[in-house]
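The values are calculated or read from the model by the stated rules, or taken from the named source; none is laboratory data. Quick caveat, the model's predicted, so the values are computed rather than measured. Cβ coordinates were reconstructed from backbone atoms using ideal geometry, including for glycine residues, and neighbour counts include every protein chain displayed. Quick note on the areas: whole protein, heavy atoms, side chains included, nothing else; ligands and nucleic acids left out. Shrake-Rupley method; radii C 1.70, N 1.55, O 1.52, S 1.80 Å.
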Amino acid sequence: MDSPNPREATPSERCYQDFTHLTSLIKEENDYQQRLAKQQSITPATPTPGAMKTKKIAGGSTRSDKYKAQLKPLSRTDEGTPTKTLSVVVPAYNESERLPVMMKETLDFLKEKAHKDSAFSYEILIVDDGSQDLTVRVALEMAQEEGIQDIRVLSFEKNRGKGGAVIQGMQYTRGEYILMVDADGATRFSDLDALQVKLKATEQDGLGVAVGSRAHMVKTDAVVKRSFIRNFLMYSFHKVVYILGCRGIEDTQCGFKLFSRKAAQAIFPNMHVEGWVFDIEVLMIAQQLRIPIAEVPVAWQEIDGSKVSLMRDSIQMALDLLIIRMNYLLGIWRIRPLLKDEKAEVVDKKVKC
């Protein structure tokens, strides 16, 4: 049976791997910004009816046909055997300012780990989700500075949402274990060790998921001192998740989740949701497939620059959660079971979490 929701790459998804073009990329971007500034300076403050509006190209000149022709399309690697110990998938949307801080901590930790263990290897895949800033350029410059080819950038021409970035990025991983981590650096990367220990302890037949959890921080200042509306929406969402979503997991939304390769291969081809609430569908599918899930306390701090709109995104997440639940209950969405026989029937349409 074919995947219920195939995630084939589109022509707009390219991988920046050849650093020899970085200099020309920077020049093109600078030229583009100068042309844009000049165009905006001569645009009347009150445009006349019918006048053309200034159109900003996503990502600046990095989206030009000239440069896209130089980019290398990625080949899927998720179905093959692992060639790295760890893959790190970083969804990024307009993260040119926060990404360098997160990447420094990540690289310092991974390089130290590789230095201590010669058998440990890693890769980092930054998934640029149609950013309007210099996220691609910043990521490339970091990769060039490190001088390694194991930092890659997958770039979307249009924004797909955090879930879409993670789902697509998972197709191009080569690790025995795969970590999904947010670009804001809110989670301490060294907590990866705790997730690995817990995952390996609970893993069954190569299947396992370890999720970072902030549930232990509910009564700390980091949460208590937040605004009333923010905490109200947080508790309300948790209640909705309990009623409509998966139970037994206290923090579904922490952006620090570790998957065994086999678990990722089982979960992500079944995914449908690409918005903020995609984490819950990930866990619902894992529970339905009886993949062991371990929840691990992690250190976390709130970082300025969040892309989440409290009211709008909270309402949308609640609606998305209801959509997820109804689609599975009505059998509109189905989950491919953990069977070697590709012709096997899908699991029962009623997902019971």
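Of the residues making up region 265-303, those that are assigned to a helix (DSSP H, G or I), in contact with a strand residue (DSSP E or B) (Cβ under 8 Å, 6 or more places away or on another chain) and open to solvent by less than 10 Å² (accessible area, probe 1.4 Å) are Ile267, Asp279, Val282, Leu283, Ala286.
Of all residues in region 147-164, those being buried (at least 20 other Cβ atoms within 10 Å of the Cβ) and either outside any loop (DSSP other than H, G, I, E, B) or in contact with a strand residue (DSSP E or B) (Cβ under 7 Å, 6 or more places away or on another chain) (or both) number 9.
Here Lys257 passes the criteria (1) at pLDDT 65 or above; (2) open to solvent by 10 Å² or more (accessible area, probe 1.4 Å); (3) outside any helix (DSSP H, G or I); (4) among the charged types (D, E, K, R) except the one numbered (2). Tell me, please, whether a residue that is among the small types (Gly, Ala, Ser), at pLDDT 90 or above and open to solvent by less than 30 Å² (accessible area, probe 1.4 Å) can be found in region 127-134. The answer is no; no qualifying residue exists. Across region 168-200, the number of residues qualifying as among the polar types (S, T, N, Q) and part of a helix (DSSP H, G or I) comes to 3. Here Gln168, Gln196, Gln144, Gln204 are screened, and the one residue that is surrounded by fewer than 18 Cβ atoms within 10 Å (Cβ to Cβ) and modelled with pLDDT under 90 is Gln144. Quick one: would you say Val101 is assigned to a helix (DSSP H, G or I) and among the aliphatic types (A, V, I, L, M)? Answer is yes for this residue. The single condition among (1) open to solvent by 50 Å² or more (accessible area, probe 1.4 Å); (2) out of contact with any Ser or Thr (no Cβ under 8 Å at 6 or more places or on another chain) that Ala186 does not meet is (1).
Selection of region 244-254 for residues being under 19 Å from Arg290 (Cα atoms) and either of a type in the set (A, V, I, L, M, F, W, C) or open to solvent by 20 Å² or more (accessible area, probe 1.4 Å) (or both) yields Leu244, Cys246, Arg247, Gly248, Ile249, Glu250.
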